Each structure stands twice: as structure tokens, then as C-alpha cells.
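Worksheet: one structure, shown below.
The values are calculated or read from the model by the stated rules, or taken from the named source; none is laboratory data. Just so we're clear, the structure is a prediction, and the values are computed from it rather than from any experiment. Here the Cβ positions follow ideal geometry from the backbone for every residue, glycine too, while neighbour counts run over all protein chains shown. Heavy atoms of the whole protein, side chains included, go into the accessibility calculation; ligands, DNA and RNA do not. Shrake-Rupley method; radii C 1.70, N 1.55, O 1.52, S 1.80 Å.
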Amino acid sequence: MKVTTVVGLEVHVQLHTRTKIFCGCVNRFNPDAPNTQTCPVCLGLPGALPVMNQEAFRLSLVTAMALNCELARFTKWDRKQYYYPDLPKAYQISQYDLPFSHDGWLDVSSEDGETRHIRINRAHLEEDAGKNTHDESGRGGDSQVDLNRCGTPLLEIVSEPDLRSAAEAKAYLEELHLLLTYLGVSDCNMQEGSLRCDANVNLHIEQNNGETIATPIVEIKNLNSFRGVEAAITYEADRQQEEYSKTGRKLGDPGVEKETRGWNAERNVTFAQRGKEEASDYRYFPDPDLMPVTVSDEQLAEVRGSLCEFPAARRDRFEAEYGLSKYDASVVINQGEKFADYFESVAKGCGDGKQAVNWVTQNVLRELNERSVTVADFPIPADVLAALLQRIVNGDLTVKSGREVFDELLSDHDKGMPPSIERISAIIDEKGLAMLADTGELDSLIDATIADHAKAVEDIRNGKLQAAGPIIGKVMKQLKGADPQTVRERIIERIQQNS
Amino acid sequence: MSLSTHTTQDLLDQLQSGQLTSTELVTTCLDRIDAHDERIGAFLHFEREPALQQAAEIDRRRQAGGTLGALAGLPVAIKDNICANGTRTTCASRMLENFVPPYDAHIIERLRQADAVLLGRTNLDEFAMGSSCENSAFQQTRNPWDTERTPGGSSGGSAAAVAAGMTPLSIGSDTGGSIRQPAAFCGVVGMKPTYGRVSRYGLVAFASSLDQIGPFANDVTGVSRLLEVLAGHDERDSTSIDRRVPAYSQNLDQPLDGLRIGIAKEHFVEGLHPEVEQAVRSAVDVYRSLGAEIKEVTLPHSKYCVAVYYIVAPSEASSNLARYDGVHYGFRAEKFDNMIDMYSATRGEGFGDEVKRRIMLGTYALSAGYYDAYYLKALKVRRLIRQDFDRAFEEVDVIASPVTPTPAFKIGELIDDPLAMYLTDIYTISANLAGLPGVSLPCGFSSEGLPIGLQLQAAPFEEERLLRAARMYERETDWHTRRPAMNSNSAS
Amino acid sequence: MSELTVDDVKKVASLARLKLSGDDIARYQKKLENVLSYVHLLDEVDTSDVEPMAHAIEAVNVFRQDEPRDSLDQAQALANAPQTDGKYFLVPAILDEA
Ligand SMILES: [Mg+2]
Ligand SMILES: [Zn+2]
């Protein structure tokens, strides 16, 4: 019995504008001062009217382009009507039958390293609701309503049910998160709810007779962490399989409707939400207070021209331009745009992409983790690291000495001395690594010595590195005070270079 | 002094020349309200002191030689569905009985800038839904010409207040005829501007794609003066159009050369009171005598206006009025079992019958399975109605018609037959559906002494031409100078 | 032709969150049905090639710049509310979350 988990995600992204979507209230996460960022418009006061925020629309276009969506030349605003205390007008301004974009896709790397092409059904723009806080005491006390969030521009991105596992759903969400962050359209702060997600989950179960059945679709509401998405889908898949083995109920059976479930992150379970007393009937109709939007080819070209390079394209380019492996390119790109920029400056500056990627993914990343800072606050600027690596690339410095310089630059910083290109030379001098600066002297000495030790050279080429001992001894005798380890590395390098 | 013998222009001239102070004028209005409004019921509420203070302030500034706005010192009464910061705005509904907006409607800002004196709040059908003021949750406004009759609606309070000489100017809103019909019933001039001409920001929405704020006065000049202040672009209303506002009152007295007046046969059909027909046809004769060209036009989809309207308006209303749910402002029921019950109890108790009926109608028309048959169908016929007018206005400058099929009806006469009540708007609704400007002006009296109105409609944004055409007729007649006989023991 | 049943009226009342008494329902049913059957006058109009007209004017692309404006202060925002604790709007417990 082959069981496939089938998942489609509806992701809600808060757009990073200065003001709300239909009024001039600031768009800022501010739960500590409830109901201080409201006005007649977002309070839904009688007589107040919405006016569309141009920047919210532009950011939406940018995102839809990055998601390879078709962009509508004509789009309009509709009212979606339902009663809830966090929705003061009792309708949400959204888009129904003519969303501004549709039919896009996002490529995601799955666990097995395959690229999965996830289709996007549509992306539309709408307003966020406020926030209700419920009495947790269980005594049924009043609920509190804060409308600060009400009217925050929200982009809803609906995928097709193309995801095939909980891990893949998580990977999709991570890729989307990365893209949105790159584009600067959202801060994607999941703790603050600026990226939220509903998951539609069911199973395709292949029967012994070769027929495949589908279990009833369940929508898990309001997942707000990557881990939560993965855990909730995993739980739900197991639950549905168990449910199916008990009841045999499947999609299309009479009385089977889409079920809505919540996610309890503490107990790690999904739970049935109380069924609505009537089937939802949102009575969508065009909002008479807002005029439609038309988009011309010229406008689209203008927006397209302003776009940054998308992560997927940059990943490919890093592979091609800097000779990175797929894995290394992903590590760099997935750290975010600033990190990728840092890498790229270092790679350009030192002229060696592989050298650069080794350093940034190992030394730099380790330091960032230890220091709990982002690359924006990393003490060694890209041009300084590039200058350091250039010496290694040129053969002026061994990798090991380079690390010493790197560590010294960091401790300089911790003592209040800013790392600089000049400091690199100074450190090399102080540490006595300076002698290697005259590689001509060392190299000609090594070359001369090598010439006298044909047998040892042969052994070294065959991987017997300990055969380097006599050559090291000879070179050290003539170059007083040299670091034997450095000399050893250089000898091996010269032999391998000349092979 | 008596308001009833003075036009808006007279009053402005007297204020400017110092013959009259705003304090005197406002006091006259307030006295008049004191004397008659118990009987007429035009005003829902007003604050004496703030109005007098505002008048005194304007008088002071005038004496000091300061620059004053276009309506400086003139009282204006406001229909109680337009928000003014700090002033109760009830919409004649229990739902908003104690609602105090924290902001000014665009037109309130404009009136303040024009130094008009905000006089008080006039009665209406609850949330502007009605044609008689019978749907007000608080009181019945009576027609000053015959207190057994309705003043029309929904802006009945504003029309009656002008007719009864309680204010020279007032503001109404018109969704299906709510300015023009009460103007006709009360024998005053009322105008619905082009949709988008006056900002709706701060007008409590009934049907957003139809609502438009407009002026009432005793004559065309007064209406023009007031419209000059109200009209203009407002970036807070997406449906407000950014277009130059002509000085409507400036060229009013220049007759239009070669004016082409359209008459539609669809406007003279069964149900039209013969005296109304007679008055309107005589008015057309006046135009003919002034050299206007009278042409037949055809508006073949006219007969569908009421049906389209009673889908579109309730649909939008059902959505606009969903916000009154007892959570963020307004009335909340006292007894309920839970959250959902709180909503239902609040809305069940807070709204009157007609409002609930229209919410139900609109909810039904938008609900799953009925949307295409009702709402979408109505929007399509709406376009056909608009196209009729587009074609007609290629041939003529204005279309003349009755405002209402009959003169003012009696209080209670139609209250139990909503459909019959709806059909009284048959001549006015099309302007709202098509977005056109329309004006109602007095053109005669019935044998029972009730005013009859003439409606003129023009193409979008042709208010200037419309008002000049109206003024041509007004100059030739004296209907607009007639006043209802108020009780002899009245002040003034 | 429409047949508006009492159940339809109840369903619509529930969608619109209007608590109606039994008498109300009967009265509304009759009056609404009157209007609905009148409205079916539209059925005779051929609208097969007609675009719906949702707005009275044909403007497009009405935007505002992304520039902050003053908000109301908390007290103003809550001033008209039936029930608050001075910071939040209060409503009876919302029960549909487990
Ligand atoms: Mg949504
Ligand atoms: Zn706001």
C-alpha cells in the first residue's frame, strides 16, 4: 500500500509598507499598545472610505513576478463578508474572481536533491484583520480585540496541491521565505505573524488492486513556524491514515466535506475546530468604494527593471560564475541576500570563488553563529577578507597562516581595533609570517632542494607525504626561523603544482 | 426679518453689506425652529449655543475686516447621516443613537472653511432608506404644505426645514431620489450632483455606488452657491473625481443659446398623476417659449430602473450595514447567550423594519446560487440604462421629466406596501444608476395645493449647464417664491 | 419565478445576523417575495453581451502614496464602543477555538 501525502499551502504574507493598505495608519507590529494605530478607515467607522496604497500594490507585483505568475491587466477589489470581532466592517477587502496574478511556480529542492516544480494557483492582495485575545482561564471571560493589525497589507499566495511530503512543504515555505526576504517585500517575521500559513492536506493511498483513493481534505489553519508546518502535516498524515483504516471514509463519499483543524504546538496535535453552524457563504461582490486597477505592459516592464536577482537565479549564477557546487551555492544563498552579497564581494575581490566559499561557509559562518550576529555586523569587511584571501590565492600565504591572520583580525576588533587591509600586512610581520611574503626566495630554495630529492618527490606525488621530511630539514637549515608547518605545506604545494 | 421672503443671494448680500448679522440670521432660524419644529419635526437635534457662537465669531471677523468664506454667516442644516467631529450622527437609527464621530466628513470641512454656520441635524428615513421619513426611528417629519402628508424622503428633514423657513440652506444625500423627491414634495430646489462630484467621505454609506451628497435651497442660485462649496476632489474618496469645479453661480443668469431639451415618452406613463403631467408639460412649454429646442428621446430601459435599483441598493446596503454589530461602536443588545447571539440580537433590535427588510433582500441577492440571477443581472441592465442616457445626451443637453408620479402622499398611505413605496422613485432612480446629475425645482401646484417638481437631468459633470437651464425656467416663473402658510402665531 | 420559503428567510436572516421573531419572518417572507417577483421583470432583458456595471463612473487606478497620517489615540478609538477595558474592545467569549 503506497501512501503519498498531498499538500497545498495558502501563505499569507504581510507586506512591508510604511502604512496600511487602505489608510495612513502606520503598518507596525505593536501588540503592547493596543488600538493606538487606528483611524476611522481601519476602525470601519460609518462614512470612512478606503484608498489603495500604491506601494502595497507595487510590492505585490514584484512578488508575483518573482513567482513567475501571469499578471492581470485588469484587477479589482471584492468584499468577502463574514462576522468576526477582529473584522470591524464585517467584510474583508480582498480579491475574488480577478486576482492581480495567477498561474506561477516556485522551484524547490526536495530532500533527495531533486528540484520540484511547485505550481502557484494565484497570488492576491487583501487586508489583514485585527487580533482577538481569548480568556485563557477557561471561565469564559470576555475576549479582547486589538485593531492595530487591522488593514495591514496581506498577500495571499496559494499553491497547487503539488507538495508531496511534510518536509517538502517546509522546504517550499523556506524557499518562499527566502524569496520574499530577498525581494524586501516582507520582513517575514514568523514570531510576529508576518508570514502565516494554512495547509490543505490529504493522502493518496494506492490500494492492493492498484486503484488510488484520496482521503478527505483537511485544512490546518494558522501555522506560524517552519517547524509547525512540518510537524502539523506529519501528524495530520498519520492521523488521516489511521482514520482511513478505521472508517474507510474517502474524498467524494456522500457527506464528506473539507474539514478545518487547528494546530496545537504544545501538544503537537491537530484538533477539530467547531463546525460552523452554516456553510460559509461569503457573498463576494465588487467593492463599490474602490476603483479597479489596470496595468500596462510599460508599467510591468518598469517594475521588472527594478527587480533584484531572485535567489534561484543567483544560485545558478554562483555555480556557473564562481564554480561553486550546488550544495555550496545553496548554503550561501539560503543565508540570505546580505550574506550572498558578502560572499560575492569576497569572491570577486580575491579572484577565487572556491577559496571564498570555503572561507565564508566555514570560518565566517562559524564566527557569525558564535557571535550571534548577522553578516551585516561581521567585524571583517568583505574587502579586507578578500585582500587576505588574495594572498593565499597568490601563494603569498598558506591557508593556515591565513587563518591566523583572520583570528588576529577578529581579536583586534574585540580590542577595539578595526580590521583593515593594512592590518593584514602588519599581522603577517608581527607573527613572523612575513618571510613568506618573499615567495621568490622560499620557492627557489624549495625548487632547488626538490631537484636533489627525486625519490622523495616521487613518493610525495604518490601520496606518501611523510617523505617530505628530509626536504623540510634541508630547507629549514637554510631559512632560519621559518615555521616548519608552513614550509611543509609549501613544499607539498610546489610539488603538486609542478606535477 | 423673515427668511421666507429672502433668497440665499439676498441674505449673502445683506450679510456682506452689514445690513444683517449672522447672529441675527441664526437667531431667526433658531426661533423659527422653536416655533414650528414641534409640528414639522424637521430637526432630530441641534445645539443652539455652538451655532450662535459660530455666528458671533463670524460677525466679529467680518467687523474686523477679515477674509471670510463663500457662505460666511449662512446657516446650513445637515442631514443626520453625515459625520461631524464631536457631533452626534444618528442616521435616525437606534443603532447609532449615541454615535459621536471622531472626524469630519469632507463636506463638513468644506462648510467650515466656507464659514457656514452648522445649524443642526435633520431627520431622515433610517440609514436613508425610505421615501417618506416614516422609517426614522425617532420621529415623523411632516410636510410644511400639509402636515398630514410626508415631506418625502429620505432627506425629508432637510427639505422640510428649507420649505418651512427654518434654514436657507440644507444638505441631503440622494441614493435613489432622496434629495429630488423631498424637494419636489416640499416645493424647494434640490440637486443630486454627478456621482464623484462631491466626496462621500463621512457620508454614512447606504449604497456606495449610488450615494451622492447634494444641496437644498429655495432657489437655483442658493443650490448653486452651496454646490460650489461642496463639490471638488477629495483624495480620501476613491470615487471622487479630480476635475475642475466651475463657478456655478457666476453665469447662472445667462440663458443658454440653442438649449436642447429632451422629453422621453417613457417618463409619461401609467401611474403619473395628471396634474403632475400637466405641470411638467407646461414647464416644457416655458422652455419652448424661451427658444429651446424640444426633442423626443427614448430611454427604453427606464421601466427596469426600479427593479435594478432594488437589487443593487439593498445588496450594497447589506454589506455596508454589516458593520453595525455591537462590537466597535453603536448599539449593543443587553441580553444574549453568546457572541453570535450578541450579533443577531443587536442587529435585530437596533435596526428598524425597512432596514432589516433591505438587508435581507440584499443578502439574498448576493448569496450563493442567487448572485448571477439577481445581482449580476442587475449590474448588466444597469449598463443598458446608462447607455440609453449616453445616446440621449448625444441629442439633447438636458432631459425634462416629472420628479415623482404624484404630489406628496399621506403619512401611512404606503407604509404597508413597500413595493408601491419603491415605485414612487421611478423617475429619480435612473440618475443614480447612471451617475448623472439631476435637479428638482418647483413647477406648479396640485389642486390640493401641494407642490409639484420638475426634474432636469444632464450628462455627467454637466452641472453648470443643468443649473443654468434650471435658472432659465425659474426666472420665468414664480413657483419657487411661494411659501407654505405656517401657523399665524409663529415668530418671524 | 422565485419561491421564497420561510426556511429561505430564516437562512438569510442568519447569514445577515438578524434575530427575527416568528411574526417577523412571516411578514418579511411576504414582502420580500413581492419585491423579488417584481424584480423578475429583468428576466425579459437580453444581457448576453453586456458587461456588468458596478460603478457609476469609469475611473481606474486611484491610489494613495504610502505616507503615514495621524492615527486616532486609544481613547478616541474606543470612545464609541459598547464595552472596553480602556485598552481593548471587549466582546463575549469567542468560543470557536479549542
Ligand atoms: Mg484570504
Ligand atoms: Zn487606519
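Going by the structure shown, is A:Leu98 more than 16 Å from ligand 2 (Cβ to nearest atom) and either more than 10 Å from chain C (Cβ to nearest Cβ) or not polar (S, T, N, Q) (or both)? For A:Leu98, the condition - more than 16 Å from ligand 2 (Cβ to nearest atom) and either more than 10 Å from chain C (Cβ to nearest Cβ) or not polar (S, T, N, Q) (or both) - is met.
Within region A:391-407, the set of residues being open to solvent by 40 Å² or more (accessible area, probe 1.4 Å) and either outside any loop (DSSP other than H, G, I, E, B) or closer than 16 Å to A:Phe378 by Cβ (or both) comprises A:Arg391, A:Val393, A:Val399, A:Lys400, A:Arg403, A:Glu404, A:Asp407. Listed by first and then second residue, the pairs with beta-carbon distance under 7 Å, at least 6 apart or on different chains, first residue in region A:184-198 and free of Cβ contacts under 8 Å to residues at least 40 places away in the same chain and more than 18 Å from A:Ala64 (Cβ to Cβ), second assigned to a loop (DSSP other than H, G, I, E, B) and of a type outside the set (D, E, K, R), are A:Met190/A:Asn224; A:Met190/A:Ser225. Among the conditions (1) within 15 Å of ligand 1 (Cβ to nearest atom); (2) surrounded by fewer than 20 Cβ atoms within 10 Å (Cβ to Cβ); (3) without any contact (Cβ under 8 Å) to a residue 60 or more places away in the chain, the only one that A:Glu156 does not satisfy is (3).
The strands (runs of 3 or more DSSP E) located wholly in region A:140-222 that include 1 or more residues which are on the phi < 0 side of the Ramachandran plot and of a type in the set (D, E, K, R) occupy A:143-146, A:153-159, A:195-206. Within region A:107-119, not a single residue is more than 16 Å from ligand 2 (Cβ to nearest atom), open to solvent by less than 70 Å² (accessible area, probe 1.4 Å) and either within 18 Å of A:Ser60 (Cα to Cα) or more than 19 Å from the chain's Cα centre (by Cα) (or both). Annotation note: of B:Ser155, B:Ser173, the sole residue that is of a type in the set (Gly, Ala, Ser), in contact with a Gly (Cβ under 6 Å, 6 or more places away or on another chain) and touching a residue at least 40 places away in the same chain (Cβ under 8 Å) is B:Ser155. Inspect all residues belonging to region C:12-19 and state whether any of them is part of a loop (DSSP other than H, G, I, E, B) and among the basic types (Lys, Arg). Yes.
Which of (1) touching a Leu at 6+ places or on another chain (Cβ under 8 Å); (2) within 21 Å of A:Cys308 (Cβ to Cβ) does A:Glu174 not meet, given it meets every other one? With (1) touching a Leu at 6+ places or on another chain (Cβ under 8 Å); (2) within 21 Å of A:Cys308 (Cβ to Cβ) applied to A:Glu174, the lone miss is (1). From the list B:Arg225, B:Arg236, B:Arg260, the one residue that fits, being over 16 Å from the mean Cα position of the chain (by Cα) and either over 30 Å from A:Phe22 (Cβ atoms) or surrounded by fewer than 18 Cβ atoms within 10 Å (Cβ to Cβ) (or both), is B:Arg260. With respect to (1) more than 16 Å from ligand 1 (Cβ to nearest atom); (2) open to solvent by less than 20 Å² (accessible area, probe 1.4 Å); (3) at pLDDT 95 or above, the lone exception for A:Asp103 is condition (2).
Comparison of B:Leu361, B:Leu366, B:Leu419, B:Leu379 shows that the only residue that is open to solvent by 20 Å² or more (accessible area, probe 1.4 Å) and either in contact with a helix residue (DSSP H, G or I) (Cβ under 8 Å, 6 or more places away or on another chain) or more than 12 Å from chain C (Cβ to nearest Cβ) (or both) is B:Leu419.
Being open to solvent by 20 Å² or more (accessible area, probe 1.4 Å) and either within 16 Å of ligand 2 (Cβ to nearest atom) or touching a helix residue (DSSP H, G or I) at 6+ places or on another chain (Cβ under 8 Å) (or both): is that true of A:Arg79 here? So A:Arg79 fails the test. Residues in region A:248-264 include none that are surrounded by 16 or more Cβ atoms within 10 Å (Cβ to Cβ), more than 27 Å from A:Tyr83 (Cβ to Cβ) and touching a Lys or Arg at 6+ places or on another chain (Cβ under 9 Å). Scanning region A:412-425 for residues that are surrounded by 12 or more Cβ atoms within 10 Å (Cβ to Cβ) and within 17 Å of A:Glu367 (Cα to Cα) yields A:Asp412, A:His413, A:Pro418, A:Pro419.
In region B:428-438, is there at least one residue being assigned to a strand (DSSP E or B), touching a helix residue (DSSP H, G or I) at 6+ places or on another chain (Cβ under 7 Å), β-branched (Val, Ile, Thr) and open to solvent by less than 30 Å² (accessible area, probe 1.4 Å)? So that I can check it myself, show each step before the final result.
Within region B:428-438, the subset assigned to a strand (DSSP E or B) is B:438.
Going one step further and asking which of them are touching a helix residue (DSSP H, G or I) at 6+ places or on another chain (Cβ under 7 Å), we end up with B:438.
Cutting the leftovers down to β-branched (Val, Ile, Thr) gives us none.
No, region B:428-438 contains no residue that is assigned to a strand (DSSP E or B), touching a helix residue (DSSP H, G or I) at 6+ places or on another chain (Cβ under 7 Å), β-branched (Val, Ile, Thr) and open to solvent by less than 30 Å² (accessible area, probe 1.4 Å).
In region B:330-345, what residues are at negative phi and either open to solvent by 10 Å² or more (accessible area, probe 1.4 Å) or in contact (Cβ under 8 Å) with a residue 40 or more places away in the chain (or both)? Even if it seems obvious, please write down each step before you answer.
The first filter runs over region B:330-345 and keeps only residues at negative phi, leaving B:331-345.
The answer is B:Phe331, B:Arg332, B:Glu334, B:Lys335, B:Phe336, B:Asp337, B:Asn338, B:Met339, B:Ile340, B:Asp341, B:Ser344.
Look at (1) away from chain A (no Cβ under 14 Å); (2) part of a helix (DSSP H, G or I) and you find that C:Leu4 fails only one, number (2). Under 6 Å by Cβ, and 6 or more places apart or on different chains, what pairs join a residue from region A:459-470 that is closer than 11 Å to A:Glu493 by Cα with one that is of a type outside the set (Lys, Arg)? Partner pairs satisfying both residue conditions: A:Ile460/A:Ala467; A:Ile460/A:Ala468; A:Ile460/A:Ile495; A:Arg461/A:Ser499.
The residues in region A:46-80 that are more than 10 Å from chain C (Cβ to nearest Cβ), among the β-branched types (Val, Ile, Thr) and more than 16 Å from ligand 1 (Cβ to nearest atom) can be counted, and the count is 1. Scanning region A:1-23 for residues that are in contact with a Ser or Thr (Cβ under 7 Å, 6 or more places away or on another chain), more than 16 Å from ligand 2 (Cβ to nearest atom) and in a loop (DSSP other than H, G, I, E, B) turns up just one, A:His16. Among the criteria (1) crowded, with 24+ Cβ neighbours inside 10 Å; (2) within 7 Å of chain C (Cβ to nearest Cβ); (3) more than 11 Å from ligand 2 (Cβ to nearest atom), the one A:Leu43 does not fulfil is (3).
Here's the yes/no breakdown for (1) closer than 30 Å to B:Met360 by Cα; (2) within 12 Å of another protein chain (Cβ to nearest Cβ); (3) among the basic types (Lys, Arg):
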{"residue": "B:Arg243", "(1), (2), (3)": "no, yes, yes"}
{"residue": "B:Asp257", "(1), (2), (3)": "no, no, no"}
{"residue": "B:Val284", "(1), (2), (3)": "no, no, no"}
{"residue": "B:Phe331", "(1), (2), (3)": "yes, yes, no"}
{"residue": "B:Glu334", "(1), (2), (3)": "yes, yes, no"}
{"residue": "B:Asn338", "(1), (2), (3)": "yes, yes, no"}
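Please specify each residue of region A:24-40 satisfying the condition of being within 7 Å of chain C (Cβ to nearest Cβ), touching a residue at least 24 places away in the same chain (Cβ under 8 Å) and within 10 Å of ligand 2 (Cβ to nearest atom). Across region A:24-40, the qualifying residues are A:Cys25, A:Gln37, A:Thr38.
Residues in region A:129-149 include none that are closer than 18 Å to A:Asp187 by Cα, within 13 Å of ligand 1 (Cβ to nearest atom) and open to solvent by less than 10 Å² (accessible area, probe 1.4 Å). Filtering region A:310-334 to residues that are touching a residue at least 60 places away in the same chain (Cβ under 8 Å) and acidic (Asp, Glu) leaves nothing.
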